[in-house]
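The values are calculated or read from the model by the stated rules, or taken from the named source; none is laboratory data. This structure is a prediction, so every number in the text was calculated from the model and none was measured. When we count neighbours, we look across all protein chains shown, and the Cβ atoms used for this are built from the backbone with ideal geometry, even at glycine. Surface accessibility is based on the protein's heavy atoms, side chains included, excluding ligands, DNA and RNA. Shrake-Rupley method; radii C 1.70, N 1.55, O 1.52, S 1.80 Å.
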Amino acid sequence: MPRSATVKNLRPQPQFPLDTHPEVSLDFDRVKKHLAKHGYKKPVLLIDLDIVRAKTKRFRAALPRVRPHFAVKANPDPRVLKVLIQEGSGFEIASIAELDLLLSLGVPVAEIFYSNPMKSRAYLEYAAAKGVEWYVVDCVEEVVKVKSVKADAKMYLRIDAPNIGSDWPLAGKFGAHMNDVPEIILAAAACQADLAGVTFHVGSQCLNPENWRVGMERARKVFASMRTAGLKPRLLNLGGGYPVRHVKPMPSIETIADLINRELRHFGPEIQIIAEPGRYLVSDAGYFICRVVGTATRNDQRWMYWDAGVFGGVIETTEGLRYNIYTDRDGEPVAWNVAGPTCDSVDVVMRDELLPGDLQEGDFIFIKNAGAYTTAYASNFNGFPLPDVATIGS
Ligand SMILES: Cc1ncc(COP(=O)(O)O)c(C=O)c1O
């Protein structure tokens, strides 16, 4: 096919507003010093708590009307959670284990939002008994289920929002389509459920602020329909998605905040505004350190096996996210297939990743800005140990 024909068939790529606002990450020298001092036993995530603190302050400064409710799933380490508590964050939970963790740290139950759209009846009963007030719903069945367990539950409706330009899309599995919203509102009104809010998720690591604008525009429409049905909207939850810097350019939190703050003028003071940042508050604070177990050449292709792969915490690469990766080698870069240590063929971290050609058994791998969705994902699959989490700062 002639080259021009190929080009003509390509769909235009969306243009996102990007900026070069300075981002602060855990200092690499401190990572090396920590390793030299403490040695290496198994994969470890090193977290600088001062950066978690600074990121939370920065989020709050950029979005003064929005109270962050940290998505515990991004990094449930208690030392991280304690810093977030001190910085005035609330929390969103996916399960009752996360609820118990927060309660054990003294978080007031009123600051915990149950944002998993599909909750078992047993989990709902447990959360209700502990006093959780707010529950997400995104379908008629869940409205009825929540109402039947806790008659006075306050509910917020998760609606579908565009995930264009998000490195880890979340659309499809959850979020009521706008066509389905009227039926959900009618069902809530009919059973006298206190459906009082709207939320959406623009997709994780979202590089396209326009997604928030569309979500907020849809929320306004849903609020209008709720009022018509006699419901009393009081909560707008802007969800997660705020990105951190890896290899691609990204909009800073201030750029995203410009848009959100402008749109927030359409929401009156009776509406409480929260958001659920996960990645943004913790990613830059962490370096994930693992080690090369061995290398091989298979059919002219170089393979490298790490002691932590898809099941050991390095999973986000499977959806295309790319980290900045450092090593102590400086050989000419070659295309490596990188895999984890398990016997499972799914355990391939990256294919054709350019890394120094002289990497070999025993070398350390340093993955930058890996404080979110790494250790939180890890399992003992194939008998490999969970990674450690170590902290510096306070
Ligand atoms: C309901 C909910 N809220 C918030 C988040 C956090 O998203 P992020 O880490 O992209 O900010 C997630 C992530 O999956 C989520 O499922």
* For the chain, with the dipole built from +1 on Lys and Arg beta-carbon atoms and -1 on Asp and Glu ones, taken about the Cα centre, which of GLN301, GLY203, ASN382 lies farthest toward the positive end? -> GLY203
* Any chance you could check the Cα centroid distance between region 164-213 and region 302-334 for me, in angstrom? => 34
* Asked: Helix 121-130 sits at what angle to the longest principal axis of the chain, using alpha carbons and giving 0 to 90 degrees rounded to 10?
  -> 80
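Taking R0 as 25 Å, what FRET efficiency do you get between ARG322 and ALA122 from their Cβ-Cβ distance, rounded to the nearest 0.05? Walk me through the numbers on the way to the answer.
Numbers: r = 39 Å, r/R0 = 1.58.
The pair ARG322/ALA122 has a calculated efficiency of 0.05.
What does the C-alpha gyration tensor say about the overall shape of the chain? Classify as rounded when a/c is under 1.5, otherwise prolate if a/b is larger than b/c, or oblate. Walk me through the numbers before you get to the answer.
Working: a/c = 1.90, a/b = 1.56, b/c = 1.22.
It comes out prolate by the Cα gyration axes.
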* **Segment GLU210-ASP344, extension gain: residue separation times 0.36 nm, minus the distance between their alpha carbons** => 44.3 nm
* Give me the number: length gained by fully extending ARG234 to CYS191, i.e. 0.36 nm times residue separation minus the C-alpha to C-alpha distance, one decimal in nm. => 13.6 nm
* Structure fact -> Two pseudo-spin positions, 7 Å from Cα along C-beta at ALA151 and at ARG265, lie apart in nanometres by 4.4
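Whenever you get a sec, compute what percent of the accessible area on the chain sits on carbon and sulfur atoms (1.4 Å probe). Numbers along the way, then the final one.
Details: 9070 of 17180 Å².
About 53 percent, which is the carbon plus sulfur part of the accessible surface.
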* Zone of ALA296 (label point 7 Å along Cα→Cβ, backbone N under 12 Å): which residues in region 323-359? -> 339-345
* Structure fact -> Taking a crude spin-label model, label points 7 Å out from Cα along the C-beta direction, the ARG220 to MET178 distance in nm is 1.2
* Given R₀ = 30 Å, FRET efficiency for TYR40-ALA61 by Cβ-Cβ distance, to 0.05? -> 0.20
* Asked: Where does helix 181-190 land angle-wise versus the long Cα axis of the chain, in degrees 0 to 90, nearest 10?
  -> 50
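In Å², and per residue, what accessible area does region 263-358 have when probed at 1.4 Å with the other protein chains present?
Numbers: 3970 Å² over 96 residues.
Result: 41 Å² of accessible area for each residue.
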* To do: Please list 279-290, 98-109 highest first by mean number of surrounding beta-carbon atoms within 10 Å per residue.
  => 279-290, 98-109
* Quick one: length gained pulling LYS130 to ALA390 fully straight, 0.36 nm per residue minus the C-alpha distance? -> 90.5 nm
* Structure fact -> If the label point sits 7 Å along Cα→Cβ of ASP258, residues of region 198-236 with amide N under 12 Å come out as 209
* **Debye, to nearest 20: dipole size of region 213-368, +1 on Lys, Arg Cβ, -1 on Asp, Glu Cβ** => 1280
* Structure fact -> Taking a straight Cα-to-Cα line shorter than 30 Å from LYS150, and setting aside same-chain lysines fewer than 8 residues away, one finds LYS73, LYS82, LYS119, LYS130, LYS173, LYS221, LYS232
* To do: Write down, largest first, the equivalent ellipsoid semi-axes of region 336-394 in whole Å, where each equals the square root of 5 times an eigenvalue of the alpha-carbon gyration tensor.
  => 22, 18, 12
